[in-house]
Every structure is written in C-alpha cells, then in structure tokens.
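The next block holds one structure in the form of structure tokens; read it before the comments.
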Amino acid sequence: MDRETDDRIIIESVREDGRAFRPNDWIERMSALLATFGPDHRLHYASSVQPCIIGGEKCLVMERGLAQNNPAAYEFILKFARDNALRIQEERRQQARPA
C-alpha cells in the first residue's frame with residue numbers, strides 16, 4: 001500500500017485560536033455526506049470520512065486517498081476546515097478508532 005494514501009487528516013472541532021467551533025454537530029453532518037444506508041436501515045459512515053474521538057474531543061478523520069477517489073468531497077471538507085480556521089493535523093496511526 002502507498003504510505004501517502006494510508007495517511008489520514010484529523011480535523012478538530014476547535015479553531016486555531018482555541019475556541020470551540022459551532023455548530024457542534026458539524027462532524028456528523030460532514031460524515032453523513034459520504035455515508036450510506038445499509039440493509040439494516042442504519043447509517044454507515046464511509047471508511048474515508050468518519051467521526052472519531054481523540055483525547056476526549058470530537059474530530060473528523062479523513063483519509064488522504066479521498067483526494068483521488070472523490071476530489072470534490074476532499075476539497076470541500078478541507079475548504080470548510082480552512083474557512084472556519086479549524087485545527088488540521090496529520091495522523092499516521094495504522095487504524096483510526098471510530099466514534
């Protein structure tokens with residue numbers, strides 16, 4: 001596997017200045033954009049964009065591979081994060097832990 005496509009980006013629900021971002025359900029909304037309903041009639045998040053709790057804080061985990069698989073969604077999410085001055089960091093764990 002290509003290391004770059006394995007990397008993930010973490011977008012925190014905190015602004016660069018340390019203030020909490022509102023609305024606080026933005027992570028679920030973003031995750032729902034690429035989610036599908038399964039045969040169990042429940043929402044299943046895509047593996048490329050998922051909500052996650054890291055250090056007790058809600059975050060959005062986005063795989064870098066989304067840039068090749070769905071460039072529009074990748075750019076939309078990054079633009080949203082940048083426009084709202086959200087903290088963005090690299091994540092290199094082998095496995096993310098979904099919320």
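Where a number appears in this text, it was derived from the coordinates with a stated rule and is not lab data. As the structure is a prediction and not an experimental result, all values here were calculated from the model. All Cβ positions, even for glycine, are placed from backbone atoms using ideal geometry, and neighbour counts span all protein chains on display.
The GluC sites (Glu not before Pro) of the stretch 1-84 meeting both criteria, a DSSP state outside H, G, I, E and B (loop) and at most 16 other C-beta atoms within 10 angstrom of the site's C-beta, are 16.
Which shape class applies to the stretch 3-91: rounded if a/c is under 1.5, otherwise prolate when a/b exceeds b/c and oblate if not, where a ≥ b ≥ c are the square roots of the Cα gyration tensor eigenvalues? Since a/c reaches 1.5 but b/c is at least a/b, the shape of the stretch 3-91 is classed as oblate. Considering the zone a paramagnetic label at residue 16 would reach in this model (a point 7 Å from Cα along the Cα-to-Cβ line), which residues of the stretch 66-85 have amide N under 14 Å from it? It comes to 79-85, nothing else. Think of each Lys and Arg Cβ as +1 and each Asp and Glu Cβ as -1; about the Cα centre, that makes the dipole of the stretch 3-91 roughly 240 debye.
A simple spin-label model places pseudo-atoms 7 Å from Cα toward Cβ; at residue 47 and residue 68 they are separated by 1.4 nm.
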